[in-house]
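Every number here is computed from the coordinates shown, using simple stated rules; none is lab data. What you are looking at is a predicted structure, and each value in this text was computed from that prediction instead of being measured. A quick note on method: Cβ atoms are made from the backbone with ideal geometry, for glycine too, and the neighbour counts reach across all protein chains shown.
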Amino acid sequence: METKKSYIAWSIRIIVSLLFIVSAVAKMYPSPYFAISTFEVKQLYTLGFSEHVAPYFSRTLIGIELAMGFLLLQNHWLKRFIVPMTILLLAVFVGHLTYVTFLSGGDSGNCGCFGELIPMTPIEAIIKNIVAIGLLGYLYYILPKETSNHNFWILTTVLFATILGIYMVAPIQPVATALPISETEEPTDGFDNSMPTIDSTTMTLQNPLENEKLTNEVKKDTAKKIEVQNLNEPKKVKSGNAALFPSIDKGKKLLCYFVPGCDHCRDAAKELTEMRKKDASLPPLSIIFMNEEADLIPAFFKEAGATYPYKIIEIIPFWNTLGSGKDTPGVKYLWNGNEIKYYWGITDDKFVGEDLKKYLNQSYEELKKTHPKL
């Protein structure tokens, strides 16, 4: 009977231990700094953590998870401390996830428990944690009473070692701004991706009076054209991207948010290139790249079939610029700085070329019906 209990106890310890270890490692996939920064922006910022506190909290939390995974496999203070503390930690997670479920419904989105490696909704994570609590509760029941003295330094050594290890593999970087770290590349796709220019012709007449009269007429005619043009397009506003692309708020523009190694981003870029081949009047396109695997940008453009003007910004500013709760690839249609349509992620709001064409073909009057703020 005791042997059977021992087998059950070890099975539970291994299962829950792997749960914690995989959870900690998954939060550092595919690369530690990128994954942890993404976890901070998507999970911690939404809970009210500041950009100064989040980096320390995220790394410490991952270190604690990893330590719990290892400590469940040793015998020092197992029943009296490790198992109860693990149950408490899981209970805190359940409380947090219950709150998230209450706010959002919990049947969509990624709770971040296993990072981007294993997406899991809040409800799924709650079920997983409740099952783990049940297993640990049973483990506590069947574990023999601890009578011998144990070495508490084993626990602290493992805990500090794992936390320090996380800080070492993903060092905290200074708070970055959204300013670009690359120069804009000129397009080399054979398309005209620049802003249209107005040709100006200077006419010289012998009679100064006639010259002045013609000048006044030209001014009046230009003023009328500008007035008509303004009636047929939305008023100019600041989109907040002029620091990256100075002319982004002039006329119709497409602004994309891509990660160089993201397959979905490459697919979106390819689709946009095909659209440009079929319709040369497609608005100029600019790209904001995340500074993750930036060395893959040449391969990105090669697969996309064209090279577009781009900037590279750091990971956390990129997520903040993309928008809270949003994911890549992002494709935004701007008209005089006004956001007409924003596609993001790979689910309900994903980029669809045919849908973008519908918006591009709509006149200002048609757009005002669905965009009252224009």
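A few points about this structure:
- Gained length - Ala280 relative to Ser324, 0.36 nm times residue gap less alpha-carbon distance: 12.5 nm
- Applying 0.36 nm per residue to the separation of Asn75 and Lys252 and subtracting their alpha-carbon distance, the gain on full extension is 57.1 nm.
- Evaluated over the range 2-169, the count of Lys pairs having alpha-carbon atoms less than 26 Å apart is 11 (only pairs 8 or more residues apart or interchain).
- Relative exposure of Tyr310, Tyr56, judged by other C-beta atoms within 10 Å (fewest first): Tyr56, Tyr310
- Extension gain from Val92 to Gln173, taking 0.36 nm per residue of separation minus the Cα-Cα distance: 26.3 nm
- Compactness of the range 244-324, taken as the C-alpha radius of gyration over 2.2 N^0.38 Å, stands at 1.07.
- R0 of 51 Å, Cβ-Cβ distance Lys357-Tyr56: FRET efficiency to nearest 0.05: 0.65
- Protection proxy ranking for 278-289, 19-30, using the average of other Cβ atoms within 10 Å per residue and placing the highest first: 19-30, 278-289.
- Bins of 10 Å from zero: percent of alpha-carbon pairs in the range 47-88: 26, 40, 24, 10
- Protection proxy ranking, peptides 154-164, 319-329, average beta carbon neighbours within 10 Å, highest first: 319-329, 154-164
- Lys/Arg +1, Asp/Glu -1 at C-beta; the range 237-374 dipole; positive extreme among Phe289, Tyr359, Phe301: Tyr359
- Binned Cα-Cα distance frequencies in the range 2-169 - 5 Å width, integer %: 1, 9, 16, 20, 20, 15, 10, 6, 3, 1, 0
- A Cβ-based charge dipole, computed about the Cα centre of the range 2-169 with Lys and Arg at +1 and Asp and Glu at -1, lands at about 520 debye.
- Fewest-first ranking of Tyr342, Tyr99, using other Cβ atoms within 10 Å as the exposure measure: Tyr99, Tyr342
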